[in-house]
Amino acid sequence: MRMIAIDWSGKAKGESEFIWLAEVRDGVLTSLENGRGRRDVVQHIIELAKTDPEFVVGFDFAFSFPKWWCDAQGWLDVREVWAAMAEEGERLLDDATTRFGAGRASATCAC
């Protein structure tokens with residue numbers, strides 16, 4: 001069995017650094033890579049499907065910050081997180097990457 005897992009990124013600029021694609025064949029990791037933008041990732045998956053229509057694809061679209069950081073920002077629920085992202089998302093993502101390490105902001109527990 002062939003499985004593809006994609007860790008998506010919501011960054012408006014430079015997303016190709018933060019979008020990761022992992023491929024597993026028969027339970028063995030065969031590829032882990034970044035460097036593709038959203039369109040390129042989608043096109044890559046379409047091309048793979050043409051040659052192997054039986055593989056499984058999973059996308060990780062989850063987004064949040066650690067609860068302690070949400071609390072420090074004064075955000076009480078996910079609607080407030082998204083409202084803040086709409087207003088100043090790039091700055092918040094840059095700040096989160098600095099505080100939590102590259103790629104970790106989207107993998108932590110939600111507010």
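No lab work stands behind these numbers, since they all come straight from the coordinates. Worth saying up front: this structure is predicted, and the values here are computed from it rather than measured.
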With 10 Å bins from zero, work out the P(r) of the range 1-94 over every alpha carbon pair and list the percent per bin.
14, 38, 26, 18, 4
By a straight-distance test (C-alpha under 16 Å), which aspartates and glutamates pair with LYS67 as possible cross-link partners, with residues fewer than eight away in the same chain excluded?
ASP77, GLU80, ASP95
